[in-house]
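Every read-out reported here was derived from the displayed coordinates using simple, explicitly stated rules and does not represent laboratory data. Because the structure is a prediction, the values reported are computed rather than measured. Cβ sites come from the backbone with ideal geometry, for glycine too, and all protein chains shown count toward neighbours.
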Amino acid sequence: MALKLYGTVASDATQRVQACLYEKEAHFEFITVNTAAGEHKTPRFLARNPFGELPALEDGDVTLFESRAITQYIANKYDGRGTDLIMKDPIKLAIQTVWMDTENQRFDQPFSKLIEAALEGNEGGNKDVREYERKLESVLDVYEQRLKESKYLGGDSFTLADLQHLPGMHYLRSTKAKGWFQGRPHVRAWAADILSRPAWVKVAAMSPW
Amino acid sequence: MAIKLYGAAASTATLRAKACLAEKELDYEFVTVNMGNKEHKTPEFLTRNPFGQVPALEDGDLKLFESRAITQYLAHAYPDNGTNLIIHDPKKMAIVGVWIEVEAQKFDQFGSKLAWELAYKPMFGLITDEAVVEEHEKKLEQVLDVYESRLSESKYLGGDCFTLADLHHLPVLKYLFGTKAKRLFDARPHVSAWAAEIQSRPAWVKATTA
């Protein structure tokens, strides 16, 4: 039975999962959730994701939510197929996990606030936006140092630590934030590398932003 | 000693790592980072955590930061020590993974902000911003409503055993329970029972009194 992914092509969290499914060459059915009609707040959808957010994944009798939990599940379930997204060596995996957590705890919040502000038409103006930009730039400073020593964030190969960043990096590169890459050549090279992966190109082609 | 934890006694992230070390019954050396002297911003400390925050962990040659990466490493590296904090069945572990993310993505941002306003600020002689408190309590309540529903079907957040999904909450709970925010938990019977139970675990009591 195929996996079922409930989400939208505009949702960055859904895109994170799509990228993972394509990397793992997993078969899945994409079921669009009609957010304009409030479908994600209906009891039926809340049974899949009690926070009423996208995405949710059904795999037979188990339903998961939170994109980063879903990608980890997929990466493990399809071990041996497509791209290896999880380091096999436990020490290397521990280091990969550090950078996955960095995306979760440091990159994601300011990025999410920036994209929210942009959707509200608030891109340039207020001091909160500048605060998020400042935070994100200081995260990129740390990434610049890391990527001087390591080809990818999690280690010497592309893993979930990089994949989790794809929607965010795609967004930054297509906005004025791409100026932030100028003084950060390793971040720029890494972004160019991961954003050109065929799996991501497929997701980006469907994305309205 | 093989394991060294660099941190500050009052830091929730440091306590998260300590909770895990205690559950796993692992010996370690605790090295206090003098935040008052900005030790966490020194070049030496930045080699341990480039974000200049606590905690950082050393296990032999391995250097890690991010408390939730540290706990996951310890849970996997020491499966036979102390409490089992992960589940081997992939589908069951996937569900634990969901609730680990819920704490990281939803509970923590509101819980930590409330802990800062209601618990830490008074400690530092700063004034609590009641508008921020009100806003964040509303948001935390929405999260706790989901927890109440979840915990009415499941003994622990991740399933029928205590796992990292529960453990990660302990430090913020500790601080919130000393403030008026405790009433948000008391108002929800399953959440209240769960919070009381996990905070009474011997390992947590040890980690917070040592």
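Over the Cα atoms of segment A:81-209, each weighted equally, I'd like the Debye log10 I(q)/I(0) at q = 0.09, 0.21, 0.23 Å⁻¹, rounded to two decimals.
With one equal scatterer per Cα and no solvent, log10 I(q)/I(0) is -0.26, -1.32, -1.51.
Anything over 22 Å Cα to Cα? Flag those among A:LYS4/B:LYS138; A:LYS113/A:LYS135; B:LYS113/B:LYS174; A:LYS92/B:LYS63, in the order listed. Numbers along the way, then the final one.
Numbers: A:LYS4/B:LYS138 33 Å; A:LYS113/A:LYS135 11 Å; B:LYS113/B:LYS174 14 Å; A:LYS92/B:LYS63 11 Å.
Pairs exceeding the cut-off: A:LYS4/B:LYS138.
In nm, to one decimal, how far is the modelled label at B:CYS161 from the one at A:LYS77, with both set 7 Å along Cα→Cβ?
The modelled label-to-label distance comes out at 2.2 nm.
What order, most packed first, do the peptides B:108-116, B:151-159 have when packing is the mean number of other Cβ atoms within 10 Å of each residue? Can you show the working numbers first?
Details: B:108-116: 21.1, B:151-159: 17.6.
Highest mean packing first, the order is B:108-116, B:151-159.
With just the Cα atoms of segment A:1-98, tell me how far they stretch along each of the three principal axes, in Å, largest first.
Over segment A:1-98, Cα extents along the principal axes are 45, 28, 25 Å.
What percent antiparallel are the DSSP beta bridges of chain B, to the nearest 5?
Values: 9 of 13 bridges.
About 70 percent, rounded to the nearest 5.
Once the Cα gyration tensor of chain B is diagonalised, what are the square roots of 5 times its eigenvalues, in whole Å and ordered largest first, as equivalent ellipsoid semi-axes? Walk me through the numbers before you get to the answer.
On the way: eigenvalues 139, 113, 39 Å².
Working through the eigenvalues yields semi-axes of 26, 24, 14 Å.
Counting C-alpha atoms alone, how compact is segment B:74-158: give Rg to one decimal and Dmax as a whole number, in angstrom.
Cα only, segment B:74-158: 16.7, 48 Å (Rg, Dmax).
Give me the base-10 log of I(q)/I(0) for segment A:43-91 at each q in 0.24, 0.26, 0.30 Å⁻¹, Debye formula, one uniform scatterer per Cα, rounded to two decimals.
Rounded to two decimals, the profile gives -0.88, -0.96, -1.13.
Per the Kirkwood formula on distinct C-alpha pairs, the Rh of segment B:71-122 is how many angstrom?
On the way: mean 1/r = 0.0766 Å⁻¹.
Kirkwood radius, segment B:71-122: 13.1 Å.
If R0 is 25 Å, what FRET efficiency do you get for B:LYS121 and B:MET1 from their C-beta distance, rounded to 0.05?
Working: r = 35 Å, r/R0 = 1.42.
The formula returns an efficiency of 0.10 here.
Relative to the compact globular guide of 2.2 N^0.38 Å, what is the alpha carbon radius of gyration of the protein assembly as shown, as a ratio? Present the calculation step by step, with values, prior to reporting the outcome.
Details: Rg = 20.8 Å, N = 419, 2.2 N^0.38 = 21.8 Å.
That works out to 0.95 for the protein assembly as shown.
Between A:VAL9 and B:ALA196, take the C-beta separation as r, use R0 = 41 Å, and let me know the FRET efficiency to the nearest 0.05. Show your work: numbers first, answer last.
Values: r = 44 Å, r/R0 = 1.07.
Plugging the Cβ-Cβ distance into 1/(1 + (r/R0)^6) gives 0.40.
Mind ranking B:139-147, A:66-74 by how tightly packed they are, going by the mean number of other C-beta atoms within 10 angstrom, highest first? Intermediate results must be reported in sequence, preceding the final value.
Working: B:139-147: 18.4, A:66-74: 26.0.
So the order, starting with the most tightly packed, is A:66-74, B:139-147.
Got a sec? How would A:THR14, A:THR35, B:THR47 order by Cβ neighbour count within 10 Å, fewest to most?
Working: A:THR14 28, A:THR35 17, B:THR47 10.
Ascending Cβ contact count within 10 Å gives the list B:THR47, A:THR35, A:THR14.
Cross-link list A:LYS41/A:LYS178; A:LYS127/B:LYS182; A:LYS148/B:LYS121; A:LYS88/B:LYS92: which exceed 27 angstrom alpha carbon to alpha carbon?
Working: A:LYS41/A:LYS178 35 Å; A:LYS127/B:LYS182 33 Å; A:LYS148/B:LYS121 38 Å; A:LYS88/B:LYS92 21 Å.
In this structure, A:LYS41/A:LYS178; A:LYS127/B:LYS182; A:LYS148/B:LYS121 lie more than 27 Å apart at Cα.
Within the set of other residues whose C-beta is less than 12 Å from the C-beta of A:GLY179, count the net charge using Lys and Arg as +1 and Asp and Glu as -1. Numbers along the way, then the final one.
Working: positive: A:ARG173, A:LYS176, A:LYS178, A:ARG184, A:ARG188; negative: A:GLU133, A:GLU137.
Within the 12 Å Cβ shell, the charges total +3.
Per-residue HN-Hα couplings for segment A:164-169, Karplus 6.51 cos²θ - 1.76 cosθ + 1.60 at θ = phi - 60°, whole Hz, x for Gly and Pro?
4, 7, 3, x, x, 5
As an exercise, take the mean of 1/r over every pair of distinct alpha carbons in segment A:131-201, invert it, and state the Kirkwood radius in angstroms. It would help to have the intermediate numbers written out before the result.
On the way: mean 1/r = 0.0818 Å⁻¹.
One decimal place: 12.2 Å for the Kirkwood radius.
Using only the Cα atoms of segment B:13-106, what are the Rg and Dmax in Å?
14.6, 46
At 7 Å along the Cα-to-beta-carbon direction for both B:ASP61 and A:LYS127, put a label point, then send me their distance in nm to one decimal.
4.9
In whole Å, what is the distance between the alpha-carbon centres of segment B:98-145 and segment B:1-74?
Segment B:98-145 and segment B:1-74 have Cα centres spaced 23 Å from each other.
How big is D for segment B:140-210, in µm² s⁻¹ as a whole number, if Stokes-Einstein is applied with the Kirkwood radius of its Cα pairs at 25 °C and 0.890 mPa s? Intermediate values should be presented prior to the final figure.
Values: Rh = 12.4 Å.
My calculation gives 198 µm²/s for D.
Residue-wise, which Karplus ³J(HN,Hα) couplings in Hz belong to segment A:35-51, taking 6.51 cos²θ - 1.76 cosθ + 1.60, θ = phi - 60°, and x for glycine or proline?
Whole-Hz 3J(HN,Hα) from phi for segment A:35-51: 5, 4, 8, x, 4, 6, 10, 6, x, 5, 6, 4, 5, 8, 9, x, 8.
Over chain B, what is the relative contact order in whole percent, taking alpha-carbon pairs under 8 Å and six or more residues apart? Write down the numbers at each step before the final one.
On the way: 280 pairs, mean separation 47.4, N = 210.
23 percent.
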